[in-house]
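The values are calculated or read from the model by the stated rules, or taken from the named source; none is laboratory data. Being a predicted model, the structure only gives us computed values, none of them experimental. Backbone-built Cβ (ideal geometry, glycine too); neighbour counts: all protein chains shown.
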Amino acid sequence: MIYKGKSLEYLQLEKIHSNNCYSQTETLENPLTFLWFETNNNSITIDNIEINPLANQIICLTEFHKVDISKVCNAKMLRFNRPFYCVVDHDSEVGCKGILFFGASQLPIFSIPNEELETFQTVWKMFEIEIQSNDELQQEMLQSMLKRFIILCTRIYKSSHNYDKLENNKTDIIREYNFLVEQHFKTNHTVAEYAAMLHKSPKTLSNLFSKLSHKSPLQYIQDRKMLEARRLLTYTSKSIKEIAYEIGFEDLQTFGRFFKKKQGISPTEFKEKK
């Protein structure tokens, strides 16, 4: 089921299974996606890493994720673009720049608690009803329901990933840092550069991250560069030298050492295995 607005707004609800895995009916600019798995025994690959989502786990995806689904018994997909809900500059936990998408330090995946499951199912049912209506209030209703869905997901993700340990303004700094890394990781490679953008000291950032994650701010930059390297090696025909330069390495040897330290094998070996 698909809703299309007059200004490129797009919302898609889809029940997916082994016969129509990860159905995407058309190419979208800047899509954002929720995958809600309803059963166990799933196998999907995201950015060349295999994961096995459990029943009532939700994964949040951006256009930067490359997804291949090997096996899905039953799942729901909620897919929308930024014209439908918010813009990239929307500074809110429930915006496209929020915790569930670009503000997350790793692939956002979480489980719906049993006591919340009925609420999620009700919201989905209301989505299905409203997307089939046809009046001047339809888009506003669907946007309101999407916001509610994002809020429900955000609450669960925050409580399960230690975000509640930080004050709101400090959480905003974490999200802003991650978003800046997403924008500039190919050209800006030091914590000091991002700290300057945020008008903070590198030490302040390190202290904030230590309360939320075992990863340092520098590790977030390196992980994003590594993610891009794996994607380019897997899904493009670019040479290793071209990839190294594209993600900011000045020479092939430095890139090779970086990649092998993170992946355990050289870029050449990784490319041959794909």
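For region 240-274, a tally of residues being outside any helix (DSSP H, G or I) and surrounded by 12 or more Cβ atoms within 10 Å (Cβ to Cβ) returns 5. Across region 134-151, the number of residues qualifying as without any contact (Cβ under 8 Å) to a residue 24 or more places away in the chain and either crowded, with 16+ Cβ neighbours inside 10 Å or within 24 Å of the chain's Cα centre (by Cα) (or both) comes to 3.
In region 107-150, of all residues being touching a Cys at 6+ places or on another chain (Cβ under 9 Å) and assigned to a strand (DSSP E or B), the one that is modelled with the lowest pLDDT corresponds to Ile109. Among the residues of region 51-81, those identified as over 14 Å from the mean Cα position of the chain (by Cα) and modelled with pLDDT under 80 are Asp68, Ile69, Ser70, Lys71, Val72, Cys73. Taken over region 257-274, the criterion of being in contact (Cβ under 8 Å) with a residue 12 or more places away in the chain and in contact with a helix residue (DSSP H, G or I) (Cβ under 7 Å, 6 or more places away or on another chain) is satisfied by Phe259, Lys262, Gln263, Pro267, Thr268, Phe270, Lys271, Lys274. Looking across region 23-38 at every residue that is in a loop (DSSP other than H, G, I, E, B) and at pLDDT below 90, the one that is nearest to the chain's Cα centre (by Cα) is identified as Asn30.
For region 194-221, filtering for residues that are among the hydrophobic types (A, V, I, L, M, F, W, C) and over 16 Å from Gln183 (Cα atoms) leaves 4.
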